[in-house]
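Since the structure comes first, as structure tokens, the remarks are kept for the end.
Each reported figure results from applying straightforward, stated rules to the coordinates on display, with no laboratory input. Note that the structure is predicted; figures quoted are calculated from it, not measured. Quick reminder, even Gly has a Cβ in these numbers, built from the backbone with ideal geometry, and neighbours come from all protein chains shown.
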Amino acid sequence: MKSVTFILLAAASLVMPTQGASFKSEIALLPGEVWWGGGGGDGQNQPYGLKDSRRINLRRNGATASPLLVSSAGRYVWSEKPFEYQFAKGVLRLDSRVERIEPVVAGKTLKDAYLAAAKAHFRFDGKTPPDIFFTLPQWNNWIEIFLNGMGQKAADDYTAELAKSGFPCGIYMMDGGWMISQGTYEFYPRDFPDPKGLFDRIRSHGWTPLIWTANFVSPDSREYKKLRYHRKPNGLDYLIHVDKPGSHDAAVFRWWSGISAVYDLTNPKANAYYAQTLKDFAAKYGIAGYKFDAGGAHYFESGCRMFDPKAEGVDYTRLYAEFAAREFPYHEIRVSWKCGGLPVVTRLNDRAHAWTGGSAQDTVIPQIIAAGMLGCPYALGDMVGGGLDHTFLGRKIDEKLFVRSAAMQSLLPMMQFSAAPWRHLSPEGVRLCRAFADLHVAFGPYIMETARHAAKTGEPIVRAMEYEFPHQGFNRPMQQFMLGDRWLVAPVTTPDDAKKVELPAGKWRDDLGEEHLGPKTLNLRNVPLDRLPRYER
């Protein structure tokens with residue numbers, strides 16, 4: 001039997017220092033000028049320019065990212081390739097391996113800059129993801145199967161309880177841990193004795209089922225062996241390889257669920273084979289599409305060789321997102337690169353069950369805004385209350401945080417639950433979450449209207465205040481946003497039940513029916529849990 005040598009590439013070892021950027025630019029900031037964009041996962045630190053920032057390398061992409069920065073003064077910078085950037089001492093510093101990057105003057109406002117960049121570099125074609133993503137809340141069983149064990153009983157119990165709860169549901173997602181081995185598209189039979197029946201029951205409620213997947217393949221599986229020996233036309237198979245002269249060894253990566261090889265989506269035959277594998281599995285069980293996990297460029301930044309010799313890690317990330325949108329309109333992705341204009345459902349990386357911190361609930365609004373400024377308006381703020389599994393272990397769920405999270409998500413483009421309110425909250429907490437789910441349904445037609453507008457014009461669904469009201473003092477971080485051009489939404493994002501709401505000039509009617517004449521600042525105190533402050537102009 002022919003022996004195969006595996007080369008293990010730990011993810012950390014692939015994040016290599018930039019090897020001498022060839023082109024450097026320094027752009028002096030204009031008075032009051034701030035910038036959004038670049039690394040969408042750094043949205044909580046945007047807008048840039050108010051203080052010195054850390055250095056961001058877009059090649060190390062693990063979230064929504066694009067080689068675009070847009071400014072409140074109507075300028076933008078763009079490159080077809082990744083660059084590094086930093087704001088320090090009133091200067092934007094750019095390092096690129098391929099070109100000297102200069103700013104483009106597109107107008108005088110943030111909207112001018114963004115729309116000009118979108119028109120020049122990523123046209124929208126009028127297509128959106130399916131309406132049901134926007135008009136009804138989604139449910140994903142991840143947190144409950146994490147806490148109670150991945151298996152058919154846990155999934156069936158969650159399904160039955162959701163059906164009895166009175167909560168609306170459109171998309172229903174089965175999350176990870178169901179495979180025999182990574183890349184082998186079959187349920188582990190001991191834990192799932194009747195998977196077809198499980199999905200029959202999900203569909204019987206009128207829900208659209210999706211299931212978790214990732215582009216990894218376990219190296220000790222039969223599927224790996226099949227993929228490993230497709231050797232034509234250039235001696236490479238359907239897997240990514242080690243970048244070593246004369247080597248045909250598969251690259252094997254360490255990731256959060258183990259050690260695996262990866263489909264080489266730069267190979268058209270591998271791309272088609274993977275698509276057909278997923279379609280055959282979905283058809284067998286009546287599944288509409290997939291939650292595509294992983295795909296981060298950092299895995300492939302160095303030490304790898306793909307079918308396309310010119311492909312970089314970010315190119316793979318882009319291909320992965322394109323693959324999802326092309327093959328499965330019902331999909332979700334967590335990482336994207338230069339995906340402006342594509343009808344991709346983009347999920348923020350896992351949020352912690354916490355009020356503040358690097359991935360906590362107070363990062364959701366700024367990162368959704370940042371995604372919109374990169375041309376990715378169809379964004380999901382992870383799961384209500386958070387989806388970072390370990391932050392739920394060994395602790396009682398913070399009911400106030402959970403309800404405030406439901407309120408915030410109710411007027412984002414998409415709303416997704418995971419932790420079951422009826423298992424973790426008081427009856428009153430359950431009632432409040434259901435009311436906010438119903439609010440999302442009530443706003444569904446308007447949200448869908450803004451999504452269709454985005455698909456035609458590129459304008460974000462969730463907009464920074466500076467985007468809609470330029471040069472009125474909103475060029476700074478804010479925990480309020482515009483939903484389209486009509487609704488100002490100001491969720492309570494702190495545990496003290498207080499909210500500072502800044503109304504621009506004009507007439508505004510709030511959710512209590514009271515009228516306000518802006519510009520005006522409202523310092524709300526003791527905001528009840530059943531209230532999401534919102535203002536219609």
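Computed quantities for the displayed model
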| item | result |
| --- | --- |
| Mean separation of Cα contacts under 8 Å, 6 or more apart, over the residue count of the chain: relative contact order % | 16 percent |
| Tail fraction, Cα-Cα pairs, segment 330-403, threshold 19 Å, whole percent | 37 percent |
| For segment 463-536, the spread of Cα positions along each principal axis, largest first, Å | 32, 26, 20 |
| Taking only Cα atoms of segment 40-192, radius of gyration then Dmax in Å | 22.5, 62 |
| Sum of -39500 (n - 2.57) over DSSP H runs of 4+, divided by residues of the chain (222 nm, nearest 500) | -8500 deg cm²/dmol |
| Table column - 3J(HN,Hα) (Hz), segment 49-63, Karplus curve with 6.51, -1.76, 1.60, x for Gly and Pro | x, 7, 8, 5, 10, 6, 7, 10, 10, 5, 6, 9, 7, x, 8 |
| Integer Hz, Karplus 6.51/-1.76/1.60 couplings in order for segment 342-357, x for Gly and Pro | 7, x, 9, 7, 9, 9, 4, 4, 3, 8, 7, 7, 7, 6, 9, x |
| Among 40-46, 523-529, the order from most to least packed when residues are scored by Cβ within 10 Å on average | 40-46, 523-529 |
| The chain: radius of gyration and largest Cα-Cα distance (Dmax), Å | 23.3, 80 |
| Rg to Rh quotient for segment 355-503, alpha carbon positions, Kirkwood Rh | 0.97 |
| Residue-wise HN-Hα coupling along segment 147-157, computed from phi with Karplus coefficients 6.51, -1.76, 1.60 (Hz; x: Gly, Pro) | 6, 10, x, 6, x, 5, 4, 4, 5, 5, 4 |
| Between segment 237-254 and segment 109-129, the Cα center-to-center distance that results, in Å | 38 Å |
| Anisotropy class of segment 211-283 from Cα gyration tensor, a/c 1.5 cut | oblate |
| Set of aspartates and glutamates near LYS269 by C-alpha distance (under 18 Å), chain-local residues within fewer than 8 positions excluded | GLU223, ASP237, ASP280, ASP308, ASP315, GLU322, GLU327 |
| Coarse-grained scattering of segment 373-458 at q = 0.27 Å⁻¹, given as base-10 log I(q)/I(0) from a Debye sum over alpha-carbon atoms | -1.33 |
| Scattering curve values for segment 38-96, log₁₀ I(q)/I(0), Debye with Cα scatterers, q = 0.14, 0.24, 0.31 Å⁻¹ | -0.34, -1.07, -1.65 |
